[in-house]
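Please read the structure below before turning to the comments.
The values are calculated or read from the model by the stated rules, or taken from the named source; none is laboratory data. Just so you know, these numbers come straight off a predicted model, no measurement behind them. Heads up, the Cβs are rebuilt from the backbone with ideal geometry, glycines too, and the neighbour counts pull from every protein chain shown. Just so you know, the surface numbers come from the protein's heavy atoms only, side chains and all, with ligands and any DNA or RNA stripped out. Shrake-Rupley method; radii C 1.70, N 1.55, O 1.52, S 1.80 Å.
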Amino acid sequence: MPNILTNLISTQVAKYGDREVFRHKNSIDGEWIITSWLQYQKQVDAIACAMEILDLKPQENIAVFSSNRPEILVTDYAAYANRAVPVSIYSTSSKNQVKYILNDSQSQILFVGNQEQYQIAQSIIDECKSVKLIVSFDDVEKEEGDEMTLSFSQMIELGLNASDDCHKEISRRQSEATADDIATILYTSGTTGEPKGAVLPHSCFNAVMEIHKERLTMLTDEDTSVCFLPLSHIFEKAWSSFCMFMGVRFAINYDTKNVQQTLREFRPSCMCSVPRFWEKVYTGINAKLSEMTGLKKTLVTRALKVSRRRNLDYARIGKDAPWWLEMQYRFFEKKILKTLQKAIGLENGVLFPTAGAPLSVNITEFLHSCGINIVIGYGLSETCATVTCYPQPGFELDSAGTVMPRVQIRIGENDEIQVKGPTILREYYNKPKETAEAFTEDGWFRTGDAGKIDKNGNLTITDRLKDLLKTSNGKYIAPQAIESRLGEDKFIEQVAVIGERRKYVTAIVIPAFEALKEYAEEKKIQYRNIEELVKNADIKEMIQKRIDALQEGFANYEKIKKITLLSRAFSMEAGELTNTLKIRRPVIRVRYAREIEAMYK
């Protein structure tokens with residue numbers, strides 16, 4: 001079978017021609033620029049030829065260091081045409097991270113997005129001997145004496161003037177591509193230790209495309225999506241390729257801060273995202289509901305109650321609702337729910353896959369009550385994204401769904417989730433020891449996540465094994481479960497649960513500062529700055545009470561007894577978060593050791 005990614009563009013050009021594949025915003029006037037399949041093919045062919053002219057060989061690596069933009073998709077698919085291997089680097093990566101990945105992967109060409117990424121590249125390029133060329137997507141201001149940087153437009157021009165022999169060589173490479181060729185190397189974000197490059201051959205993506213087409217039968221080429229997560233993240237990388245495979249048109253969102261505007265302008269029917277996005281949607285909707293009064297509030301409350309019963313008690317398990325309930329639902333859907341969805345830009349919603357961290361059951365239930373079809377899933381870079389997701393219908397709210405076709409899961413020692421199937425990584429690049437440790441003796445991939453499978457095949461994730469905390473009383477705490485619950489609160493932005501070898505559980509909390517300011521104004525709490533506000537005793541007491549209420553249902557030993565409020569958020573730049581926004585607990589414990597010790601005095 002031909003590689004799907006290698007042949008995807010030519011296949012879709014024959015089918016769609018001038019039809020839109022994706023759109024992006026012009027940085028000058030903010031107008032949407034639409035790219036058709038034929039235009040996309042022309043750009044990819046030009047960059048593919050330029051790569052060949054610049055002596056890039058089959059199965060050599062290139063690196064892409066940029067935030068989301070169409071040039072990434074052009075570069076990736078030009079690499080596939082050459083049988084070359086794109087290596088994604090998060091746009092927020094530090095100098096040391098970029099240097100490590102370039103040297104570990106021995107990348108030949110480095111593509112950078114903007115001036116900032118170009119400057120990082122220039123600062124480390126002398127220590128990255130494999131890199132022969134830098135290509136900038138933006139027309140950057142080059143450093144004096146820089147003779148190894150081309151602009152992307154110059155590379156396009158080089159490819160457009162390629163000889164017939166060059167085109168023939170590209171065609172020959174495509175015809176010789178095999179499923180064993182490496183499609184990409186994705187470096188794990190590394191909550192502990194140095195990053196590892198997950199080697200994903202084309203066979204993984206061949207399986208991913210077919211498996212998702214088989215599972216997500218509700219999607220057609222009439223659907224639309226938004227490319228919101230970083231294209232360096234396996235979830236978005238695989239999802240965007242799946243959209244192209246299915247003919248789903250999508251808008252490329254450049255800046256995560258602008259995603260709400262993009263949603264309202266493009267109004268997609270699907271989009272992959274992470275729980276934090278939906279936590280913000282949840283708190284936003286609830287803030288609006290809390291402002292309502294009188295008849296309007298009564299109607300919205302009734303609409304959500306009817307929708308919850310219809311969607312979760314009946315539609316969720318594939319049953320028709322009683323006629324009287326269905327009639328009420330249709331009325332409220334048209335008059336209230338669609339208005340609510342339209343305010344967010346989701347009134348055309350079909351499904352919204354969500355993974356990467358736990359999303360609380362309360363939020364998932366609420367969003368389904370709003371008519372937003374959240375599809376919780378589970379996967380890793382090493383599994384080429386999805387291992388499980390909600391079946392439609394028949395999902396369990398407190399699970400991560402059931403296993404994908406032709407993928408297998410089992411629960412091993414210490415409740416570890418283990419996976420086998422055609423989407424699993426081949427190895428960690430240049431790391432035979434870590435590769436051997438990642439697999440059981442009988443060939444199952446060890447995820448490092450703990451979970452359980454119920455009698456109907458639903459997988460529930462309990463926590464990362466490395467994240468589990470053991471108190472001094474010998475009790476195990478799953479911090480992510482607590483943190484996801486607290487994510488429901490409008491006053492809480494980030495939480496790091498503490499408790500390893502301690503007699504009780506505490507937490508470092510980053511408040512949602514704008515909400516906190518509004519509360520302080522309402523309660524007439526005086527403060528000069530954020531540092532003073534988070535130290536205010538009334539503020540701390542208010543947040544502690546809200547945390548106590550949210551922890552109802554947790555065992556007493558799991559509950560947070562004391563908190564410390566910080567005046568700035570955890571960040572990737574400070575090394576406190578990974579590029580996928582996971583908390584680096586060892587860094588937090590060291591950096592805030594004084595604050596932590598104070599909670600145990």
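Checked against a 28 Å cut-off, the cross-linked pairs 237/431; 142/582; 288/524; 288/540 give Cα-Cα distances beyond that limit for 142/582. Taking other residues whose beta carbon is less than 15 angstrom from the beta carbon of residue 421, and scoring Lys, Arg as +1 and Asp, Glu as -1, yields +2. Solvent exposure of the chain amounts to 44 Å² per residue of accessible area, where only protein heavy atoms count and the probe is 1.4 Å. Label separation (residue 365 vs residue 555): 2.2 nm, computed from points 7 Å beyond Cα along the C-beta direction. How much of the accessible area of the chain, in percent, comes from carbon and sulfur atoms when a 1.4 Å probe is used? So the carbon and sulfur contribution to the accessible surface is 49 percent. In summary, the lysines within cross-link reach of residue 305, defined as a Cα separation below 16 angstrom excluding same-chain residues under 8 places away, comprise 296, 297, 334, 335, 338.
When 164, 138 are compared by accessible surface with a 1.4 Å probe, the order from highest to lowest is 164, 138.
Full extension of the segment from residue 175 to residue 127, taken as 0.36 nm per residue of separation minus the current Cα-Cα distance, would add 13.7 nm.
A straight Cα-to-Cα reach below 20 Å connects residue 523 with the aspartates and glutamates 291, 489, 514, 531, 532, 538, 541, residues fewer than 8 places away in its own chain not being considered. Given their separation in residues at 0.36 nm each and the Cα-Cα distance between them, residue 574 and residue 538 gain 10.0 nm when the chain is fully extended. Based on alpha-carbon centroids, what's the gap between segment 1-60 and segment 378-406 in Å, whole number please? First find each Cα centre; the distance between them is then 30 Å. Under the simplified labelling scheme, the residue 11-residue 470 pair shows an inter-label distance of 4.9 nm, with each label point 7 Å from Cα along Cα→Cβ. In straight-distance terms, cross-link reach from residue 470 covers every one of the lysines whose alpha-carbon lies under 18 Å from its own, apart from those fewer than eight places away in the same chain; here that gives 503, 559, 561, 562.
When the GluC sites (Glu not before Pro) in segment 497-586 are filtered for DSSP coil states and for at most 11 other beta-carbon atoms within 10 Å of their beta-carbon, the remaining sites are 552, 573. Between residue 167 and residue 601, the simple label model (points 7 Å from Cα in the Cβ direction) yields a spacing of 7.6 nm.
Count Lys and Arg as plus one, Asp and Glu as minus one, and take only other residues whose Cβ is under 12 Å from that of residue 49; the net charge is then -3.
For residue 32 and residue 301, the difference between the fully extended length at 0.36 nm per residue and the C-alpha to C-alpha distance is 93.1 nm.
Computed with a 1.4 Å probe over protein heavy atoms only, the accessible area of residue 339 comes to about 90 Å².
In the chain, the DSSP beta bridges split such that about 55 percent are antiparallel, to the nearest 5. Remark: the chain is approximated by an ellipsoid whose semi-axes, taken from the C-alpha gyration tensor as √(5λ), come to 40, 29, 25 Å, largest first. Using only side-chain charges placed at the Cβ, +1 for Lys and Arg and -1 for Asp and Glu, the dipole size of the chain relative to its Cα centre rounds to 2780 debye.
Each part reduced to its alpha carbon centroid, segment 547-566 and segment 472-512 end up 7 Å apart. Each Lys and Arg contributes +1 and each Asp and Glu -1, all at the Cβ; summed about the Cα centre of segment 217-351, the dipole is approximately 700 debye.
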